[in-house]
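Enquirer: Can you keep this structure in mind? I'll have questions shortly.
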Amino acid sequence: MDLQEVRVRCTPVNESRNGVLSAVAAFFLWGVLPIFWKHLHFLPPASIIAHRTLWSLLLLLPVLAFQRQLWTMLRGISTLRGAGWHLLSGVLLGSNWLLYVWATLNNHILEGALGYYLNPFLNMLFGALFFGERQNRLQMLAVAVAASGVACQFPAVKGVPWIALVLAVTFALYAVVRKKAPLGALAGLGAETALLAPIALGWLIWRGTQGVELFGPSGWTAALVICTGIATATPLLCFGHATRTISLTSLGILQFIGPTLQFLIGWGMYGEPLNTLRLISFGLIWTAVAIYAVDALKRGTKKGPPQTDSPLENQKVAAD
């Protein structure tokens, strides 16, 4: 860890209007991404993720250089331990991206939104399981209400809501691995995309040898493909600014903007079915979110502004 990162991590977070606006912008962009992925329907999900990985890396490299974290990233993956942890986190991240894009293109946006609603509650459970974190009564109540909401999904979808569950589990496991990995949020994402880049490039080269259009049939579709990197880096940079200027309590509450927008887009724009049981399920999830928000506000008031060194910062860089 370099001296600049140590100074940043030791600086208290102060609420600011720009920080709140940056957080809202990040979660808003993550929330409306399904519309963007729908416009890439001419590519299979694996090719979309391959492009996203490569173009994200190309955009992240100058940012890392500007933030003086490029050498930190390279040093972090120069050891077997560092490369192993970040390759594992990269695989979890890529799997989460791949499933979410597949779900979006196959009209499962509502189930994807459910997965990201569930993520904070699964983080609580994994925190207790892997790090011995203790949950208070309100947190346990929120987890129980969220679990009952998931149970309602079984008859609602006439089976296991596997998309939501896999999205939530992979994202929560990603947070666990990133907490153990040596690099911070931005350098860590750079390491993950760098380690996945050879796989992504190999996939695209193989697809090219099959005579498949890698950028679509026109200049417009090629521009959309290139913008996969922008769609990844822009909310990440907004979020990175927010983590340094507002409290993690505020971030924890604002993060629900994303799945709420995804829910509205899936139901309102693309007409995904919302039967009574599914509505009850989301109602229970929203109740759990409200309990979570009340608990977060209480803890934020008692403890004051927390530090930026948190698994939330490491985790949200994966947002869709």
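The values are calculated or read from the model by the stated rules, or taken from the named source; none is laboratory data. Just so it is clear, the model here is predicted, and its values are computed rather than measured. When we count neighbours, we look across all protein chains shown, and the Cβ atoms used for this are built from the backbone with ideal geometry, even at glycine. Quick note on the areas: whole protein, heavy atoms, side chains included, nothing else; ligands and nucleic acids left out. Shrake-Rupley method; radii C 1.70, N 1.55, O 1.52, S 1.80 Å.
Enquirer: For segment 103-125, state whether one or more residues are of a type in the set (Asp, Glu) and in a helix (DSSP H, G or I). Walk me through it before giving the result.
Expert: Within segment 103-125, the first condition is being of a type in the set (Asp, Glu), and the residues that meet it are 111.
Filter again for in a helix (DSSP H, G or I), leaving 111.
Checked against the condition, which is being of a type in the set (Asp, Glu) and in a helix (DSSP H, G or I), segment 103-125 yields at least one hit.
Enquirer: For ALA146, are the conditions met, namely being buried (at least 17 other Cβ atoms within 10 Å of the Cβ), touching a residue at least 24 places away in the same chain (Cβ under 8 Å), hydrophobic (A, V, I, L, M, F, W, C) and more than 28 Å from LEU277 (Cβ to Cβ)?
Expert: Answer is no for this residue.
Enquirer: Kindly list the number of the only condition in (1) open to solvent by 10 Å² or more (accessible area, probe 1.4 Å); (2) within 30 Å of ALA290 (Cα to Cα); (3) of a type in the set (Gly, Ala, Ser) that fails for ALA83.
Expert: (2)
Enquirer: Let me ask you something else. Does ALA231 meet the test of being in contact with a Phe, Trp or Tyr (Cβ under 9 Å, 6 or more places away or on another chain), under 28 Å from VAL20 (Cβ atoms), at pLDDT below 90 and not β-branched (Val, Ile, Thr)?
Expert: no
Enquirer: Taking LEU279 as the residue in question, decide whether it is aliphatic (A, V, I, L, M), over 15 Å from the mean Cα position of the chain (by Cα) and open to solvent by 20 Å² or more (accessible area, probe 1.4 Å).
Expert: yes
Enquirer: Residue under question is ALA65, and the condition is that it be among the small types (Gly, Ala, Ser) and either free of Cβ contacts under 8 Å to residues at least 12 places away in the same chain or within 25 Å of LEU264 (Cα to Cα) (or both); does it hold?
Expert: Yes.
Enquirer: With a cut-off of at least 3 residues that are within 17 Å of the chain's Cα centre (by Cα), name the helices (runs of 4 or more DSSP H) lying wholly within segment 14-94.
Expert: 17-38, 45-66
Enquirer: Out of LYS158, LYS179, I need the residue that is within 18 Å of the chain's Cα centre (by Cα) and open to solvent by 50 Å² or more (accessible area, probe 1.4 Å). Which one?
Expert: Just a single option satisfies the conditions, and that option is LYS179.
Enquirer: I've got another one for you. Take GLY211 and tell me if it is farther than 19 Å from TRP37 by Cβ and either in contact with a helix residue (DSSP H, G or I) (Cβ under 7 Å, 6 or more places away or on another chain) or open to solvent by 10 Å² or more (accessible area, probe 1.4 Å) (or both).
Expert: Numbers: farther than 19 Å from TRP37 by Cβ: yes; either in contact with a helix residue (DSSP H, G or I) (Cβ under 7 Å, 6 or more places away or on another chain) or open to solvent by 10 Å² or more (accessible area, probe 1.4 Å) (or both): yes.
Judged against the criteria, GLY211 is a match.
Enquirer: Inspect all residues belonging to segment 290-297 and state whether any of them is in a helix (DSSP H, G or I), closer than 20 Å to PHE36 by Cβ and either open to solvent by 20 Å² or more (accessible area, probe 1.4 Å) or at pLDDT 85 or above (or both).
Expert: no
Enquirer: Still on this structure: What do you reckon, is THR228 among the hydroxyl-bearing types (Ser, Thr, Tyr), farther than 16 Å from ASN119 by Cα and open to solvent by less than 10 Å² (accessible area, probe 1.4 Å)? Lay out the reasoning, then the answer.
Expert: Working: among the hydroxyl-bearing types (Ser, Thr, Tyr): yes; farther than 16 Å from ASN119 by Cα: yes; open to solvent by less than 10 Å² (accessible area, probe 1.4 Å): yes.
The answer is yes for THR228.
Enquirer: Scan segment 46-57 for residues that are farther than 16 Å from PRO235 by Cα and open to solvent by 30 Å² or more (accessible area, probe 1.4 Å) and jot them down. Steps first, answer last, please.
Expert: The initial filter retains those residues of segment 46-57 that are farther than 16 Å from PRO235 by Cα, namely 46-51, 54.
Within segment 46-57, ALA46, LEU54 qualify.
Enquirer: Out of SER95, SER78, I need the residue that is touching a Ser or Thr at 6+ places or on another chain (Cβ under 7 Å) and either more than 25 Å from LEU237 (Cα to Cα) or not aliphatic (A, V, I, L, M) (or both). Which one?
Expert: SER95
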